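*Asks:* Okay, here's the structure, questions in a sec.
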Protein chains: 2
Amino acid sequence: MKQMKSFLKLFTGLLVLITFLGLTACGEQKQAPTAEVAKVEKEVIVWKLAQTWGTGFPIFGDAVIKMADMVKAMSNGEMEIRIDSSNKHKAAFGILDMVNAGQYEMGHSASYYWKGKDASTMFFTTMPFGMIAPEQYAWFYYGGGMELMKKVYDKHGVYSFPGGNTGNQMGGWFRKEINTLDDLKGLKMRIPGFAGEVLSKLGVVVTNIPPGELYTALDRGTIDALEWVGPSLDLNMGFQKIAPYYYTGWHEPATELQFLVNQAKFDALPKHLQEILTVAMELAAYDMYARSYHESAVNLASIEKDFPEVKIRTFPAPIIAAMKKANEELLTEAAASDASFKEILDSQTAYMKMARQWTVISDYAYLKDNLE
Amino acid sequence: MKQMKSFLKLFTGLLVLITFLGLTACGEQKQAPTAEVAKVEKEVIVWKLAQTWGTGFPIFGDAVIKMADMVKAMSNGEMEIRIDSSNKHKAAFGILDMVNAGQYEMGHSASYYWKGKDASTMFFTTMPFGMIAPEQYAWFYYGGGMELMKKVYDKHGVYSFPGGNTGNQMGGWFRKEINTLDDLKGLKMRIPGFAGEVLSKLGVVVTNIPPGELYTALDRGTIDALEWVGPSLDLNMGFQKIAPYYYTGWHEPATELQFLVNQAKFDALPKHLQEILTVAMELAAYDMYARSYHESAVNLASIEKDFPEVKIRTFPAPIIAAMKKANEELLTEAAASDASFKEILDSQTAYMKMARQWTVISDYAYLKDNLE
């Protein structure tokens, strides 16, 4: 019986050892298990993303959700991205700082929001009289844009990626028709960013008003005009009811939003998750462009049907020419004292000149033939 | 000793059983291991893709390579797609049949190549006087296009996905200027597809010639004109040296290539690989559009610099009007006897009408302001 006892001890010991080895061997596969049995054990990488937009904000917010859903599905649940809207983090324009600090691994915003901190960032959203979306995507991915964006954002400890295009934005809602440059003098308008600086030069009194107060401000005459996005997002704001002149755009021909990723956190991800995340961001951006195009088309049709009093106008040629001149002066001025600004401006200017030649003989010529 | 022997037997038996269970438990995780140790053991899902294009065909072939690279990287090597070009499978226009039969899991081609087998397939590439790329992507993903494409391709046992856009194609290279409808009568032109039928109605003698013989045919006067793609792929063919009139497009405003996937094979993939594959195809398609835009812009600049004798022309308005009329008559005729054809035509026509309104007040108005 003594022999038997020692055999039992040996047996139990071996059993424990084998079980332990078994678990260890399986444990090494824990990061990406597919089997149902293993699912409960696996370690999920959970990231947090801060977005500029509020909860339920359409199109922009949907692009973020789509990106996160793709990451989760493609990684088979290995990686999850949880989204905090501005209602929660209370820092709509603090996304760059929060991602840089690692408080959030990711962000979703627009690069031109940081132009006060670094003027070179504004080129990666859109520029007055700049490229249209297909030209700009060609510049980003094949014309050196991504490399220039990396150079700028390396200084801020984050990687930046295209985050969704609104398409050409409308020039805004005006209570009165704009016929001459004199009509712009003293006009109170909400128009943020570089375009605001351009209009300031032409005598417009540029103000910034929080989105939630825009309708009331326009209705009460606190402002005479405002720009928001375009039919895709304007219809819901109700501006068409109080400012019947809807002008075509000049200032944001291809507004691209932005995904931001903390560099140290990204670099620490396994390679396949880096790839999954990069692909998901890029596709979510392109998809938002298609979605915006669709929503703009649908909502424009609604405006035409339900609000026949809305008049779509294009600024007269002398006004466009004055805006262009003011824009070029401001750009030249800024480029003179900022090498990074100049480098990106030169790249975009040269690329647009080349790409526009193609646009003119392809889509533009085609549309012209079909309209005349 | 007898007791000890039976204990040994029991012990050995249990050891075998435990080892077996251990292997089984681990084996269930084999499909997606990340640990280095496990890598040697994992089963790689290897698929084969047949493409219409020859080995090394630029842009189109690169989009396929990009898609396959993304699948491999995102799946961490769990799935690989090997590409056979037409040099190997010798059936450039047999892709649909081969994927349907399961001879290849995937294909890359263009939907209008099967219009002889099923006329409804041609709508998913591009249509004369149809949508431009941003309109068409909006239709595919948000305007019901994907659902209609699925309905058509379900009959052929495959799933079909957008596979890359060339952008607006040029109307072709002509040895002589085209000024009146009479200039088209008897003109020998290589122009395939529905556009060829349209030009036939206007008296053009439409021929099809293999790509490798096009230059010689044009040089020797076997044909008077031909269309290929646009600057992105035309420059390399050398047509600019022998046919100096380069006409803007009307017949393929947004040529979208196509990924085909055998339905049974796709359905048998694990869910996360289905997602990876779907996302990779969609992004490769969008990326090819940006790449095509870039290559078109770069090559157009080369043509303008190195071949100043090339004259870019737009067909005169009466010719465009006659083409449009012939196109509409052919479409109406085909729709009368084919419910599927009619359903897709109606969808595209209605969507284009709506989306074009937006195009006109967004990119078109913006470009017009900038050019005048």
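Derivation of every value follows stated rules applied to the coordinates shown; laboratory data play no part. Owing to the predicted nature of the structure, the values given are computational and were not obtained by experimental measurement. Because the Cβ atoms are built from the backbone with ideal geometry, glycine has one as well, and the counts that use them run over all protein chains shown.
*Asks:* Only four residue types carry charge here, +1 at the Cβ of Lys and Arg and -1 at the Cβ of Asp and Glu. Report the dipole size of the stretch A:144-219 about the Cα centre in Debye, rounded to the nearest 20.
*Replies:* Values: 9 positive and 8 negative charges, 31 e Å.
The dipole magnitude comes to about 160 debye.
*Asks:* May I pose another question? Report, in debye and to the nearest 20, how large the dipole of the stretch B:116-253 comes out about its Cα centre when Lys and Arg carry +1 and Asp and Glu carry -1 on their Cβ.
*Replies:* Details: 12 positive and 14 negative charges, 47 e Å.
With Lys and Arg at +1 and Asp and Glu at -1, about 220 debye.
*Asks:* Over the whole of B:295-303, what's the average partner chain Cβ count within 10 Å per residue? Rounded to a whole number, please.
*Replies:* Mean partner shielding for this stretch: 5.
*Asks:* Let me ask something additional. Per 10 Å bin, what percent of the C-alpha pairs of the stretch B:185-249 does each bin hold, from zero upward?
*Replies:* Reading upward from the zero bin: 21, 58, 21, 0.
*Asks:* While we're here: Taking amide H atoms as placed 1.01 Å from N in the peptide plane, list the residues 5 or more away in sequence, or in a different chain, whose amide H sits under 5 Å from that of A:Met79.
*Replies:* Placed amide hydrogens put A:Ile45 under 5 Å from A:Met79.
*Asks:* For the stretch B:139-150, what does the Karplus curve 6.51 cos²θ - 1.76 cosθ + 1.60, with θ = phi - 60°, yield as ³J(HN,Hα) per residue in whole Hz, taken in order and with x for Gly and Pro?
*Replies:* 5, 4, 8, 10, x, x, x, 4, 5, 5, 5, 4
*Asks:* Also, I was wondering about something else. Expressed as cubic angstrom per residue, what is the convex hull volume of the alpha carbon set of the stretch B:64-215?
*Replies:* Spelled out: Cα convex hull of the stretch B:64-215, divided by residues, is 152 Å³.
*Asks:* What is the sum of charges around B:Gly249, taking Lys and Arg as +1, Asp and Glu as -1, for the other residues whose C-beta is under 10 Å from the C-beta of B:Gly249? Before the final figure, lay out the partial values.
*Replies:* Numbers: positive: none; negative: A:Asp363, A:Asp369, B:Glu227, B:Glu252.
Here the count lands on -4.
*Asks:* Sticking with this structure for a sec: How many percent of all Cα-Cα pairs in the stretch A:213-372 sit more than 18 Å apart?
*Replies:* The calculated P(r) of the stretch A:213-372 puts 76 percent of pairs beyond 18 Å.
*Asks:* Run the simple label-point estimate for B:Asn179 and B:Ile209 please: 7 Å along Cα→C-beta, distance reported in nm.
*Replies:* For B:Asn179 paired with B:Ile209, the spin-label model returns 2.6 nm.
*Asks:* Could I ask something else about it? Would you mind listing the distances between the A:Lys117 label point and the same position in each other copy? Use 7 Å along Cα-to-C-beta, nm, one decimal, shortest first.
*Replies:* Those separations, rounded to one decimal, come out as 5.5 nm.
*Asks:* Dipole of the protein assembly as shown, Cα-centred, from +1 at each Lys and Arg C-beta and -1 at each Asp and Glu C-beta, to the nearest 20 debye?
*Replies:* 2080 debye
*Asks:* Right, another one. With an 8 Å Cα cut-off and a minimum separation of 6 or more residues, compute the relative contact order for the stretch B:52-173 in percent.
*Replies:* With pairs under 8 Å counted, the relative contact order is 21 percent.
*Asks:* I want to verify a result. In a Gaussian network model of chain A, Cα cutoff 10 Å, which of these has the top mean-square fluctuation: A:Met237, A:Met131, A:Met189?
*Replies:* A:Met237
*Asks:* Below 13 angstrom from the Cβ of B:Gly164, what's the summed charge of the other residues (Lys, Arg +1; Asp, Glu -1)?
*Replies:* -3
*Asks:* Would you mind listing the distances between the B:Asp69 label point and the same position in each other copy? Use 7 Å along Cα-to-C-beta, nm, one decimal, shortest first.
*Replies:* Spacings between copies for this position, smallest first, are 2.9 nm.
*Asks:* Given label points at 7 Å from Cα along Cα→Cβ, what nm distances, shortest first, separate B:Thr207 from the same residue in every other copy?
*Replies:* Label-point distances to the other copies, shortest first: 7.2 nm.
*Asks:* For chain B, what does -39500 (n - 2.57) per DSSP helix run (n ≥ 4), summed and divided by total residues, give at 222 nm, in deg cm²/dmol to the nearest 500?
*Replies:* Dividing the helical sum by the residues of chain B leaves -15500 deg cm²/dmol.
*Asks:* For B:Trp53, which sequence-distant residues (separation of 5 or more, or a different chain) have an amide H within less than 5 Å of its own amide H, given hydrogens modelled in the peptide plane?
*Replies:* Answer set, sorted by chain and number: B:Ser86.
*Asks:* Let me ask another. What are the residues whose amide H is under 5 Å from the amide H of B:Val205, where those residues sit 5 or more places off or on another chain and H is modelled from the backbone?
*Replies:* B:Gly186, B:Leu187, B:Lys188, B:Met189
*Asks:* How high is the FRET efficiency from A:Ala301 to B:Arg220, r the C-beta distance, R0 41 Å, rounded to 0.05?
*Replies:* 0.20
*Asks:* Can you tell me the convex hull volume per residue for the stretch A:54-108, based on C-alpha atoms, in Å³ to the nearest whole number?
*Replies:* 78 Å³
*Asks:* What Kirkwood hydrodynamic radius, in Å, does the stretch B:301-372 give when the mean of 1/r is taken over all pairs of distinct Cα atoms and then inverted?
*Replies:* In the stretch B:301-372 this quantity evaluates to 15.8 Å.
*Asks:* Take the Cα gyration tensor of the stretch A:189-308, multiply each eigenvalue by 5, square-root it, and list the three semi-axes largest first, rounded to whole angstrom. Display every interim value, and only then the final one.
*Replies:* Details: eigenvalues 238, 79, 30 Å².
Calculated on Cα positions only, the semi-axes equal 35, 20, 12 Å.
*Asks:* Can you run phi through the Karplus equation (6.51, -1.76, 1.60; θ = phi - 60°) for the stretch B:102-118 and list ³J(HN,Hα) in whole Hz, with x for Gly and Pro?
*Replies:* x, 4, 10, 6, 9, x, 9, 7, 9, 4, 6, 5, 9, 5, x, 7, 7
*Asks:* Output wanted: per-residue J couplings in Hz (rounded whole) for the stretch B:274-279, from phi through Karplus 6.51 cos²θ - 1.76 cosθ + 1.60, θ = phi - 60°, x for Gly and Pro.
*Replies:* 4, 5, 4, 5, 4, 5
*Asks:* Just to compare against my own numbers: the Cα pair-distance distribution for the protein assembly as shown, 20 Å bins, whole % per bin, please.
*Replies:* 15, 44, 29, 8, 3, 0
*Asks:* May I have the convex hull volume per residue, in Å³, for the Cα set of the stretch B:219-270?
*Replies:* Details: hull volume 8.2 nm³, N = 52.
Dividing the Cα hull volume of the stretch B:219-270 by its residues yields 157 Å³.
*Asks:* A:Lys88: which lysines have alpha carbons under 25 Å from its alpha carbon, excluding same-chain residues fewer than 8 sequence positions away?
*Replies:* Excluding near neighbours in sequence, the set is A:Lys48, A:Lys66, A:Lys72, A:Lys115, A:Lys117, A:Lys265.
*Asks:* A further question follows. Would you mind counting up the charge near A:Gly203? Only other residues with Cβ under 9 Å from its Cβ, with Lys and Arg at +1 and Asp and Glu at -1.
*Replies:* +1
*Asks:* Just to compare against my own numbers: the Cα pair-distance distribution for chain A, 10 Å bins, whole % per bin, please.
*Replies:* For chain A, the pair-distance distribution reads 5, 20, 28, 22, 10, 5, 4, 2, 2, 1, 0, 0.
*Asks:* So, by mean Cβ neighbours within 10 angstrom, what's the order for B:104-115, B:307-318 with the highest one leading? Please report the intermediate quantities before stating the final value.
*Replies:* Details: B:104-115: 24.8, B:307-318: 13.8.
Those peptides, ordered most packed to least, come out B:104-115, B:307-318.
*Asks:* On a C-alpha basis, how far is the centre of the stretch A:281-299 from the centre of the stretch B:129-201 in Å? Whole number, if you could?
*Replies:* 23 Å
*Asks:* For chain A, what is the relative contact order in percent, using Cα pairs closer than 8 Å and at least 6 residues apart in sequence?
*Replies:* 20 percent
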